[in-house]
Protein chains: 2
Amino acid sequence: MLQQRSSRLAASLSSSLSRSLVPERIASLRCRSLRPYSIHADASVGTKIQDIDPTRLSITKTVTPKELLPPEELIFGRNFTDHMLSLEWTASQGWLPARITPYQNLSLDPATCVFHYAFECFEGMKAYKDKNGQIRLFRPDKNMARLNKSSARIALPTFDPDAMIDLIGRFVKLDERFIPETRGYSLYLRPTMIGTQRTLGVGPPGSALLYVIASPVGPYYPTGFKAVSLEATDYAVRAWPGGVGDKKLGANYAPCIVPQMQAASRGFHQNLWLFGEEEYVTEVGTMNLFAAIKNKETGQSELLTAPLDGTILEGVTRDSVLGLARERLEPQGWKVTERKFTMKELADAADEGRMMEVFGAGTAAIVSPVRKISWKGRLVECGLADNVEAGPIAAQMKIWMEGIQYGDEDHPWSYKVL
Amino acid sequence: MLQQRSSRLAASLSSSLSRSLVPERIASLRCRSLRPYSIHADASVGTKIQDIDPTRLSITKTVTPKELLPPEELIFGRNFTDHMLSLEWTASQGWLPARITPYQNLSLDPATCVFHYAFECFEGMKAYKDKNGQIRLFRPDKNMARLNKSSARIALPTFDPDAMIDLIGRFVKLDERFIPETRGYSLYLRPTMIGTQRTLGVGPPGSALLYVIASPVGPYYPTGFKAVSLEATDYAVRAWPGGVGDKKLGANYAPCIVPQMQAASRGFHQNLWLFGEEEYVTEVGTMNLFAAIKNKETGQSELLTAPLDGTILEGVTRDSVLGLARERLEPQGWKVTERKFTMKELADAADEGRMMEVFGAGTAAIVSPVRKISWKGRLVECGLADNVEAGPIAAQMKIWMEGIQYGDEDHPWSYKVL
């Protein structure tokens, strides 16, 4: 029932995706007049204001370019390129011209709403250099679509995704010397949107800032796969029906740290989020989860992942793994399924010799093989022999994905920056 | 069952309240070594590092004091006093000496974790001037205890609450000219803690900033009570067992805006959060909710509010209303109850002539009377005659609370700033 109801919110949000928040709308929301009941008006009605216009980009280059770090010293999200891309939005003007400037601090009033009410959402994506030196993005349309969904859900403005991809391309091109040429290296991009209204009233922000910073990163597995061990978390809940667990909001991250620390204190690399009395398997740390098991009745090999029911982050890597599996594994006899599955199902598969492999999927690692899962005081083995660090599906997926990301294979998912 | 499990997390968090995050702890969490299974160590074990020391406060006064606004122009959270109180924390040093400085922007790296993962929590509290010009805070110990619980839940540091109350007192004293003397006016205080680590890795912040800003505010009802109308929200869910809805985290606020905007677009002042298939009544907008009804069986007058089951914000005003009701209404024959109750119970009470009144409770308004609630296509009337804007309990509570807040009545809840 909740899912049906949620569709009302989804419909309203989706209709607002095509336009930004408009001043009339803000004004009417802040007006406290009581209109008669049962006018089911959409809150997002209004005239269109200025969208992102890439032709109005201004560029101020740094006069103190950074020295490049040796590739082996690159650590995820710790060092950034020379520049950043910024776009301001106001409810009355829409999107102001984009600016590329030297990487620099943000100066914000301490009353700014991002500090108090978590008006913030982000994306994680990467730029790669192919063997010809061509810069490529991987499915940037998926990231921009998700950022628009995230921002609309917290009353931040939406934007034209193609215009934003264009701007990101120009930014990456300007800082392209930071993209290492070596296979496995890339430039991690972090588009971020924050509410910048400087008042403490709880309401839709009247101004926002969308910015992109970039951090060169090395391979997640510099010396080959390392399988991780997980602790199933049953005392805390990441997401719930009718909540915002399917959006890439800052709000979904800070509450996950203590359960992660608890798992780490007991020697596990990540925690695995379960949901409900049934203990449905949802996500692992900051990744989606896949399990390959033999079907109990038919013996068929089955690749499972949790469905997009509103409690699962809509991972771009998740979607890509599913797409590749349907295209390339199903012809080999695999069944690829998005459905709810429980921790007990996984444990039964392990006990009955039907467990093939388990892996996380996310932008950072592409795939992250899982060796075992701690659950109810036991360890569920996930199909890897002691001297093996990845199952064949995880290993194959990494090869397929990198082949597309680095342009070895011509594929519509790879976007060339011109 | 979930509640039992949650107590494990609660116990661990509460044991960490007495100390700050320590560097050893951070280090061990970031180390990825796999220790043998079933060491159920507490993640929060470590040596104590430097806590807040009010004697080390430094004060830099503004050289450009602001002009005071006419009282009638004061708007909640829009204008601030001359100064702010700031304390930095690092994992290696603990709390650095507090500083009072001119009110000023924060300068933060765009990679700072507060912008990406919502490492942020806050409090709302007020300073009042009594008829002798004495500054008073209202139950500041409750706010500091809650801030510590909020911060611990998102791996931010905790602190000595008495030391912090001491510092807040000094800050308020310095800016006391901003507290209007007129009854109904006060100085709203916003203690805020943010994570300030400048890296994108998702983990416990290695540094944080605790700051307090202050905004002079007028009475919520300048011309007397105005009852509000609510829309029951059944398509989105604010909080969940095992979640963080009982903490005052930024993460709980941004996701509430769109449902609030939806309610506003249909002419309602606030939305009312229901929970579950049973449609339990939880909270209204950013306030706790109370209902006064006649018991169906006994006819006894009953003051109801939702219990602190982990999905309800632990409001200081809620606790105060309950305390006053138990002390002063129970002797008059009232029953005061914290229990789950449903929207249908309220509707039945309205239909059967047992509805007395409904009101929200929060720091801003103290009490906010409710005229009607839109639910399943009908309007549930909440006991107010057309020409009446508040029920007798709400009106009485406001008088009792203000009597304590403004020092008319000597009461342990009122804290004198010396």
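The values are calculated or read from the model by the stated rules, or taken from the named source; none is laboratory data. What you see is a predicted model; the values in this text were computed from it and never measured. Every residue, glycine among them, receives a Cβ derived from its backbone with ideal geometry; neighbour counts consider all protein chains shown.
Of all the listed residues (B:PRO70, B:PRO102, B:PRO110), the sole one being within 14 Å of another protein chain (Cβ to nearest Cβ), free of Cβ contacts under 8 Å to residues at least 40 places away in the same chain and not hydrophobic (A, V, I, L, M, F, W, C) is B:PRO110.
To keep it simple, each residue is scored yes or no on (1) under 17 Å from the mean Cα position of the chain (by Cα); (2) within 30 Å of A:GLY391 (Cβ to Cβ); (3) in the same structural domain as A:PHE119 (by the TED database).
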residue	(1), (2), (3)
A:TYR188	yes, yes, yes
A:THR192	yes, no, yes
A:LEU209	no, no, yes
A:THR223	no, yes, no
A:ARG238	yes, yes, no
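Considered as a group, the residues in the stretch A:73-99 that are among the polar types (S, T, N, Q) and within 11 Å of chain B (Cβ to nearest Cβ) include one that is farthest from A:SER186 (Cα to Cα), and that residue is A:SER86. Here B:GLU279 meets each of (1) more than 17 Å from B:ILE373 (Cα to Cα); (2) in contact (Cβ under 8 Å) with a residue 24 or more places away in the chain with one exception, condition (1).
Is at least one residue of the stretch A:137-152 in contact with a strand residue (DSSP E or B) (Cβ under 9 Å, 6 or more places away or on another chain), crowded, with 18+ Cβ neighbours inside 10 Å and within 11 Å of chain B (Cβ to nearest Cβ)? Within the stretch A:137-152, one or more residues are in contact with a strand residue (DSSP E or B) (Cβ under 9 Å, 6 or more places away or on another chain), crowded, with 18+ Cβ neighbours inside 10 Å and within 11 Å of chain B (Cβ to nearest Cβ).
With the structure loaded, tell me whether A:GLY224 is under 23 Å from B:LEU249 (Cα atoms), in contact (Cβ under 8 Å) with a residue 40 or more places away in the chain and out of contact with any Leu (no Cβ under 6 Å at 6 or more places or on another chain) or whether it fails that test. Against the criterion (under 23 Å from B:LEU249 (Cα atoms), in contact (Cβ under 8 Å) with a residue 40 or more places away in the chain and out of contact with any Leu (no Cβ under 6 Å at 6 or more places or on another chain)), A:GLY224 does not qualify. Of everything in the stretch A:171-183 that is out of contact with any helix residue (DSSP H, G or I) (no Cβ under 8 Å at 6 or more places or on another chain) and in a loop (DSSP other than H, G, I, E, B), the residue that is nearest to the other protein chains (Cβ to nearest Cβ) is A:ASP175. Checking the structure you have, find out if any residue of the stretch B:74-90 is in contact with a Lys or Arg (Cβ under 7 Å, 6 or more places away or on another chain), crowded, with 22+ Cβ neighbours inside 10 Å and either of a type in the set (Asp, Glu) or assigned to a strand (DSSP E or B) (or both). Scanning the stretch B:74-90 turns up no residue that is in contact with a Lys or Arg (Cβ under 7 Å, 6 or more places away or on another chain), crowded, with 22+ Cβ neighbours inside 10 Å and either of a type in the set (Asp, Glu) or assigned to a strand (DSSP E or B) (or both). Take B:LEU303 and tell me if it is buried (at least 19 other Cβ atoms within 10 Å of the Cβ), aliphatic (A, V, I, L, M), at pLDDT 95 or above and under 24 Å from B:ALA152 (Cβ atoms). Considered against the rule, which asks whether it is buried (at least 19 other Cβ atoms within 10 Å of the Cβ), aliphatic (A, V, I, L, M), at pLDDT 95 or above and under 24 Å from B:ALA152 (Cβ atoms), B:LEU303 comes out as no. Of the residues that make up the stretch B:297-306, is at least one within 13 Å of chain A (Cβ to nearest Cβ) and either touching a Lys or Arg at 6+ places or on another chain (Cβ under 6 Å) or more than 30 Å from B:VAL114 (Cα to Cα) (or both)? Looking for residues that are within 13 Å of chain A (Cβ to nearest Cβ) and either touching a Lys or Arg at 6+ places or on another chain (Cβ under 6 Å) or more than 30 Å from B:VAL114 (Cα to Cα) (or both), one finds none in the stretch B:297-306, hence no. Within the stretch A:146-164, one or more residues are without any contact (Cβ under 8 Å) to a residue 24 or more places away in the chain and farther than 13 Å from A:LEU209 by Cα. Within the stretch A:152-184, the set of residues being on the phi > 0 side of the Ramachandran plot and modelled with pLDDT of 95 or more comprises A:ALA155 only.
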